[in-house]
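The values are calculated or read from the model by the stated rules, or taken from the named source; none is laboratory data. Because the structure is predicted, anything quoted here is derived from the model rather than measured. Every residue, glycine among them, receives a Cβ derived from its backbone with ideal geometry; neighbour counts consider all protein chains shown. We work out accessible area using only protein heavy atoms, side chains counted, and drop any ligands, DNA or RNA first. Shrake-Rupley method; radii C 1.70, N 1.55, O 1.52, S 1.80 Å.
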Amino acid sequence: MLRPPRLASLVASNSDILAALGAAAWVVAADSHSDAPGLEGAVRLGPDLDIDVAALSAARPDLVLASLSVPGQERVVQRVRDAGLEVLVLDPISVHDTLADIRTIGHAVGLADRAEEVARTLDAELDTLRLPFSAPPRVLVEWWPRPIIAATRESWVTDLLERVGAVNALADRAGRSAPLTLDEVRAARPDVIVCSWCGAKRLRPEVIEARGLGVPVVAIHESGLGRPGPRLLEGARHLHAALESLVPA
């Protein structure tokens with residue numbers, strides 16, 4: 001019998017995908033942000049942008065999974081390649097890309113059928129969350145408060161909002177994310193602001209409320225919105241719940 005591949009994951013979204021595929025036990029090394037179940041035996045490599053490449057090499061992975069969904073990860077990828085390790089680099093900017101990445105990882109680790117099932121189920125469940133707005137609410141998803149950084153057009157957030165019947169308030173702004181002034185936030189005319197700060201130990205929507213924009217603020221953990229993987233369903237469900245009250249009676 002062939003042994004399962006020894007895998008390493010450098011970002012939490014890939015770890016979540018591997019866990020959904022039932023391959024978490026095959027992960028021999030992972031970044032310190034990954035919190036998917038089943039990674040207890042994995043060597044921790046530090047934050048996704050400061051990977052300990054020596055420790056990664058010592059874990060002897062057959063395949064390293066990286067993702068450019070984390071800005072700056074390309075520098076880590078180069079260091080890993082320089083160490084002679086095989087790397088699969090994902091680069092999702094939409095929900096469609098995320099579904100494709102699940103299938104790509106499944107094929108790479110020998111779990112193509114399971115990946116197809118996971119991707120199809122995620123897609124179908126997202127379809128059930130669309131709200132019947134006559135005018136889609138404008139939602140701004142904030143990744144960081146100082147400076148304000150929010151998701152722009154080339155983000156899976158744009159697609160995810162569309163799946164629940166809303167629109168990204170920054171959909172006319174190019175890029176995956178952008179720093180904003182308070183005046184630029186105001187000019188985006190959001191109906192709702194989502195506090196989804198990446199890497200924050202505690203979300204503080206009151207910080208956003210204190211800016212005086214008079215816009216409802218909801219908190220959704222970055223694990224549901226900031227990771228292009230199966231946990232986007234969690235984020236979509238929270239968005240659905242937060243926006244449901246805006247549907248006309």
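The table below gives the values:
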quantity	calculated
Sole exception among (1) touching a helix residue (DSSP H, G or I) at 6+ places or on another chain (Cβ under 9 Å); (2) assigned to a helix (DSSP H, G or I) for ALA124, by number	(1)
Residues of segment 224-241 classified as open to solvent by 10 Å² or more (accessible area, probe 1.4 Å) and touching a residue at least 24 places away in the same chain (Cβ under 8 Å), total	7
Complete set of residues in segment 162-195 that are loosely packed, with under 15 Cβ neighbours inside 10 Å and either in contact with a helix residue (DSSP H, G or I) (Cβ under 6 Å, 6 or more places away or on another chain) or part of a helix (DSSP H, G or I) (or both)	LEU182, ASP183, GLU184, ALA187
In segment 53-86, residue surrounded by the fewest Cβ atoms within 10 Å (Cβ to Cβ) [restricted to those that are assigned to a loop (DSSP other than H, G, I, E, B) and under 24 Å from the mean Cα position of the chain (by Cα)]	GLY72
Matching option when the condition is over 16 Å from VAL118 (Cβ atoms), free of Cβ contacts under 8 Å to residues at least 60 places away in the same chain, assigned by the TED database to the domain that holds ALA83 and out of contact with any His (no Cβ under 7 Å at 6 or more places or on another chain), among LEU2, LEU56	LEU56
Of all residues in segment 196-214 being hydrophobic (A, V, I, L, M, F, W, C) and open to solvent by less than 30 Å² (accessible area, probe 1.4 Å), the one that is nearest to LEU239 (Cα to Cα)	TRP197
